[in-house]
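Shown next, in structure tokens, is the structure this report addresses.
The values are calculated or read from the model by the stated rules, or taken from the named source; none is laboratory data. Because the structure is predicted, anything quoted here is derived from the model rather than measured. Glycine gets a Cβ as well: all are built from the backbone with ideal geometry, and neighbour counts include every protein chain shown.
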Amino acid sequence: MKFTPEQYQLPDISMQPFLDDKEIWSFIDAAHPSLEQVEAIVKKSLDKNRLSIAETALLVNAREPEMIEMIKAGARSLKEKVYGKRIVLFAPLYVGNYCSNNCRYCGFKVSNKSAVRKTLTKQELIANVQALEEHGQKRIILVFGEHNTYSPGFIAETVRTVYDTRKNHGEIRRININAAPLDIEGFKTVKASNIGTYQVFQETYHHETYKICHPSGRKADYDYRLTALDRAMEAGIDDVGIGALFGLYDWRFEVLSLLRHVNHLEACYNVGPHTISFPRIQDASEYDLDDRYQVTDEEFTRLVAILRLAVPYTGLILTARESEATRKEVLSYGCSQIDAGTKLEIGAYAKNPDVNQNLNKEQFKINDDRTLAQVIDELLEADYIPSFCTACYRKGRTGQHFMEFSVPGFIKKFCTPNAMLTLAEYIMDYAGEATAVKGWQVIERNLNEMDNEGYKTELIHRIERIKQGEHDLYF
């Protein structure tokens, strides 16, 4: 099927399959970019206008070094303009690895007999959350395998337990979910537990490749997974995250398909995804795919820059699948969120000697195993503002309301001050001496750059309150 822009305004396309492989390839095959075209497209993005699929197709086909540098330079500039210097930090917490699917790239696959299946007990969950809080984490994403064990009620109860868990000054203020697609009633149950973003990744949008990669289990149903976030939106979850697993199929196709997904959600629900993720395939236990679509480092950095230009106001999530060096480079092209201190083994955050004896519980391999403290220290060295901010979600600036704030550029007025407040809180509660010095220097530099004196005065006042022991201050 092929939807024209006019057809995309029709309400009856919600919860209906919307992606046509031939249409996506027609955009790629028709794109023969010139330097002048690339320059014009980058300029359009820098004016904070989202790109069309045809325009993005020109960028994915741009291969000349001068074109690629123009794309990356534009992404760096746009990231600074929209998001400022802040980088939001979070940690994934794997709750359980039971799974009924047989994805050929995943260590959780049901046919992997070497995997030790485990679901955290309530006590183990609390111990792992407290361990995360002891390091200063405030935002986590709970990850579940696709299995009947992880029902909507189980997910909701897990969320409530995490929110109720405290350790000293520690608390989790924002819980996102990465779990199997649900029906509308299931999404309503999960929403009632006060989750943040619900992520469902299509993995690959290419129909034949999807079929090859997902031979059995509920995940074998391409259309049910494709329309999962429609059902989430219908259930009232207005913050959703999409993503593709790069390396399963041609990266250019996946980039344009992600943009098609953005178009679909905006047309049906007046708001696109809150985040886009772009993990690269990594080795896993019983990995069973060829490497013909592996994405090189050069292609990866380029596709991130292209995504930043294509969707200026959508958060881009960079994971610890990537090496420290790659993460450092890609941050400048537009990523706004990264995980830090990541451990993928079930129960690995808590002091549990059994975890270290059995590494077959992890879903895939990670390439950046730095601690949260190390990541924060290096972000400060690079003049970024590490942020644990959760203000928008608690002030109601989500979904369409978030777009109303962010599209005119107002969100930066909230994000930078709130990032400084959460950094000040981290410094007071968790930072080592050297990191604290760097942190206060970064805060001072950013205060000096503020041009709204009234706002600046109030921010300084709140930072002083944090120094006196107050917590959780935000605009």
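Which of the residues spanning the stretch 59-68 are assigned to a helix (DSSP H, G or I) and over 25 Å from the mean Cα position of the chain (by Cα)? Selection gives P65, E66, M67. Test of understanding: among G196, G186, G243, which residue is closer than 22 Å to V162 by Cα, touching a residue at least 24 places away in the same chain (Cβ under 8 Å) and buried (at least 21 other Cβ atoms within 10 Å of the Cβ)? Answer to the selection: G196.
Can you pull out the helices (runs of 4 or more DSSP H) entirely within the stretch 220-332 that have at least 2 residues that are at pLDDT 95 or above and of a type in the set (A, V, I, L, M, F, W, C)?
228-234, 251-269, 297-310
For the stretch 141-187, a tally of residues being among the acidic types (D, E), more than 20 Å from A391 (Cβ to Cβ) and not in a loop (DSSP other than H, G, I, E, B) returns 3.
No other residue among T158, T165, T119 is surrounded by 17 or more Cβ atoms within 10 Å (Cβ to Cβ), touching a Lys or Arg at 6+ places or on another chain (Cβ under 9 Å) and over 22 Å from I281 (Cα atoms) apart from T158. Evaluate the following for A131: is it in the same structural domain as Y293 (by TED's automatic domain parsing), in contact (Cβ under 8 Å) with a residue 12 or more places away in the chain and farther than 25 Å from C213 by Cα? The answer is yes for A131.
Please verify whether D377 is more than 30 Å from G107 (Cβ to Cβ), at pLDDT 95 or above and in a loop (DSSP other than H, G, I, E, B), treating the condition exactly as stated. No; evaluated as a whole, the condition is false for this residue.
Please determine, by comparing only the residues of the stretch 47-58 that are polar (S, T, N, Q) and over 21 Å from the mean Cα position of the chain (by Cα), which one is surrounded by the fewest Cβ atoms within 10 Å (Cβ to Cβ).
N49
Figure legend. Inter-residue proximity from the stretch 341-356: first residues assigned by TED's automatic domain parsing to the domain that holds G96 and in a loop (DSSP other than H, G, I, E, B), second residues among the aromatic types (F, W, Y) and at pLDDT 95 or above, beta-carbon distance below 9 Å, spacing 6+ or different chains. Indicated pairs: G341/Y349; K343/Y94; K343/Y349; L344/Y94; E345/Y94; I346/Y94; G347/Y94; A348/Y94.
Criterion applied to R173, R252 was being farther than 22 Å from R394 by Cα, assigned by TED's automatic domain parsing to the domain that holds S277 and among the basic types (K, R), and the one residue passing it is R252. Tell me which residues, restricted to the stretch 108-128, are polar (S, T, N, Q) and either modelled with pLDDT of 90 or more or not assigned by TED's automatic domain parsing to the domain that holds R160 (or both). Within the stretch 108-128, S111, N112, T119, T121, Q123, N128 meet the criteria. The set of residues in the stretch 188-219 being among the hydroxyl-bearing types (S, T, Y), in a helix (DSSP H, G or I) and farther than 19 Å from F253 by Cβ consists of T189 alone.
May I ask you to say which residue of S114, S100, S77 is in contact with a Leu (Cβ under 7 Å, 6 or more places away or on another chain), surrounded by fewer than 22 Cβ atoms within 10 Å (Cβ to Cβ) and not charged (D, E, K, R)?
Of S114, S100, S77, the one residue that is in contact with a Leu (Cβ under 7 Å, 6 or more places away or on another chain), surrounded by fewer than 22 Cβ atoms within 10 Å (Cβ to Cβ) and not charged (D, E, K, R) is S77.
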